[in-house]
Amino acid sequence: MTELLDVKDVEILKALKLDSRKPMGSIGEELKTSKATVSRRVAKMEEDGYITGYSLNIDVNKLSLMKSMVSIQIIGSPVSIIIEQLRAYPEISTIYKSFGDHNIVCEVFTRNVDELYEMIQSKLLKMPSVRNVEVDILVEELPINKNADLDLYLSTFPVPGER
């Protein structure tokens, strides 16, 4: 069974979210603990599913690409069937199931507005169960608090003592 995280685990996660390539020894120094302890805790959090992978952030503007969020309303088909169909489109990097006015929100990359429009017209709106598509073109990412999730975890739930 997965255990709750303690304060030290959360501090390790915060350090890794800001820089997933940060050496375990550096994190240990910051947290006044050993590299071995940090490594053991990271391995445990990976095993328990708290850490599901590591990623690289790329400035798509430098690549002359445009990032959009495309929200899709579906009527008459299970969301899972539409998701399977959307997997075939290379422009879509991430699909989110959502609750609200739209059933699915997709992160889409294109070179320009014309390519985005063409993708929506020739692919998304041709799907029989798609009833509405709304688009937001993302212009600039302004990270406010990369650790908002972990800060909320610490403030909302009682955190067990150190392991």
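The values are calculated or read from the model by the stated rules, or taken from the named source; none is laboratory data. Here the structure is a predicted model, which is why all the values come from computation and not from measurement. As a convention, Cβ positions derive from the backbone with ideal geometry for all residues, glycine included, and neighbour counts pool all protein chains shown.
Six or more apart or on different chains, Cβ under 9 Å: which pairs go from a residue in the range 134-154 that's over 16 Å from LEU16 (Cα atoms) to one that's among the hydroxyl-bearing types (Ser, Thr, Tyr) and surrounded by 13 or more Cβ atoms within 10 Å (Cβ to Cβ)? Could you list them?
Correct list of pairs: GLU134/SER71; VAL135/SER68; VAL135/SER71; ASP136/SER68; ASP136/SER71; ILE137/SER68; LEU138/SER68.
Could you say whether any residue in the range 94-109 is loosely packed, with under 13 Cβ neighbours inside 10 Å and within 30 Å of THR33 (Cβ to Cβ)?
Within the range 94-109 (the criterion being loosely packed, with under 13 Cβ neighbours inside 10 Å and within 30 Å of THR33 (Cβ to Cβ)), the answer is no, since none of the residues qualifies.
Condition first: surrounded by 10 or more Cβ atoms within 10 Å (Cβ to Cβ) and touching a helix residue (DSSP H, G or I) at 6+ places or on another chain (Cβ under 9 Å). Now tell me which residues in the range 42-53 satisfy that.
VAL42, LYS44, MET45, TYR50, ILE51
Please determine, by comparing only the residues of the range 113-134 that are over 19 Å from VAL79 (Cβ atoms) and of a type in the set (A, V, I, L, M, F, W, C), which one is surrounded by the fewest Cβ atoms within 10 Å (Cβ to Cβ).
VAL113
Being at pLDDT below 95, of a type in the set (A, V, I, L, M) and out of contact with any helix residue (DSSP H, G or I) (no Cβ under 7 Å at 6 or more places or on another chain): is that true of ILE120 here?
Answer is no for this residue.
Where residues in the range 1-55 are among the acidic types (Asp, Glu) and under 30 Å from THR94 (Cα atoms), which of them is modelled with the lowest pLDDT?
Among them, the one singled out is GLU3.
Scanning for something of a type in the set (Lys, Arg) and either at positive phi or not assigned by TED's automatic domain parsing to the domain that holds VAL70 (or both), does the range 142-150 turn up at least one residue?
So far as the range 142-150 goes, yes, one or more of its residues are of a type in the set (Lys, Arg) and either at positive phi or not assigned by TED's automatic domain parsing to the domain that holds VAL70 (or both).
So which pairs qualify, if the first residue must be in the range 1-21 and under 16 Å from ARG40 (Cα atoms) and free of Cβ contacts under 8 Å to residues at least 24 places away in the same chain, the second must be in a helix (DSSP H, G or I) and among the aliphatic types (A, V, I, L, M), the Cβ gap must be under 6 Å, and the two must be at least 6 apart or on different chains?
Listed by first residue and then by second, the contacts come to GLU11/LEU31; ALA15/ILE27.
From the list TYR89, TYR50, exactly one residue is within 30 Å of VAL10 (Cβ to Cβ), hydroxyl-bearing (Ser, Thr, Tyr) and in contact (Cβ under 8 Å) with a residue 24 or more places away in the chain. Which is it?
TYR50
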